[in-house]
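Presented below is the structure to which this report refers.
Coordinate-derived values only; no laboratory data. Please read all numbers here as calculations on a predicted model, not as lab measurements. Glycine gets a Cβ as well: all are built from the backbone with ideal geometry, and neighbour counts include every protein chain shown.
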């Protein structure tokens, strides 16, 4: 399984489900703990700003703060994905010269990230029997659990 698949599995296992029994809740939590430990190093690499992109990142943050939406106190508005922009397309145009200036370093970082995400890892999931699933799970719930299900 590739590291990118592990990130997707964390996302799927983190989804809220109604009517979860104890066996399923335990299996989900145990696997999330296992996956997060496995992804710890990858997350650290993904969070790092390489030395050759530190100036870019500083300039990018300044542009974001300047051009993003601001609240009534004049503070930048953010959500769980970052800065909020009324017109993201207009901001993308503002960012173009900076991105062009650092194009080689940005491409190298993108290549580094892709190589990391394509790294194969071995992981032993804590499995739960299909027979131990609650009866009220819908198709999406079951799809999100496929990596940890085990059939007799």
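Across all directions, the shadow cast by the convex hull of the chain built on its C-alpha atoms averages 12.4 square nanometres. Angle, helix 22-47 long axis vs. longest principal axis of the chain, Cα atoms, 0 to 90°, nearest 10? Once rounded, one gets 30 degrees. The distance from the alpha carbon centre of the range 74-108 to that of the range 1-51 is 28 Å, rounded to a whole number.
Residue exposure proxy: 1, 146, ordered by other Cβ atoms within 10 angstrom of their Cβ from fewest to most, comes out as 146, 1.
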